[in-house]
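First up is the structure itself, then whatever we jot down about it.
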Amino acid sequence: MPIDQPFPRRVNAPGPDSPWLPPAGAGTELVPAGVWWDAVRVRLGIGERLLARLGPAAGAVLKDPCDHRLYLLTDPGSTADWAFTSYAAEVQLLSTATWVAIPPRDRIRARGPYWLVPPDGDECCLTETGRLHAAVVGALAEVLGPRTGEPPVV
């Protein structure tokens, strides 16, 4: 495998207008964000509060136990206006020009990335953008409180 491609990519990957599903099989795939979904990457502690706030409204959720992060998927391009400058270590918005390691759809435990909340059947299970944003804002305020001298997160 070439060094510039650490994860295998699907040879017959769907186009941006085709429905996207996590890979089948045993391998993790590197998938571009911003095509079928944007990803919101949060530290595990924030992510646990975030999931509690979302409850059953959470779509599929990836967990990377090595990096102590959760990834929630939402509509592509929908995070473009979000700004979490004061919380950059806690929340990263992954869209165009970023890639996410996606495990097989049935991997629910592993040393590497796995599905904490697995995809539901034949759907990608995106989290609704407005609810996700509100949950991120609430979880940040709950865990970290407001940042002095900074405008509130909107």
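Here are some notes:
- Cβ separations smaller than 7 Å between residues 6+ apart or across chains give the following pairs from region 15-36 residues that are under 16 Å from Trp115 (Cα atoms) to residues that are at pLDDT below 90 and aromatic (Phe, Trp, Tyr): Thr28/Phe7; Glu29/Phe7; Leu30/Phe7.
- Each residue in region 69-82 was checked for being over 13 Å from the mean Cα position of the chain (by Cα) and open to solvent by 60 Å² or more (accessible area, probe 1.4 Å), and 2 of them qualify.
- Selected residue (only one of Gly47, Gly55 is open to solvent by less than 30 Å² (accessible area, probe 1.4 Å), in a helix (DSSP H, G or I) and not hydroxyl-bearing (Ser, Thr, Tyr)): Gly47
The values are calculated or read from the model by the stated rules, or taken from the named source; none is laboratory data. Everything numeric here is computed off the predicted structure, so don't read it as measured data. Ideal geometry is used to build each Cβ from the backbone, glycine not excepted, and the neighbour counts take in all protein chains shown. We work out accessible area using only protein heavy atoms, side chains counted, and drop any ligands, DNA or RNA first. Shrake-Rupley method; radii C 1.70, N 1.55, O 1.52, S 1.80 Å.
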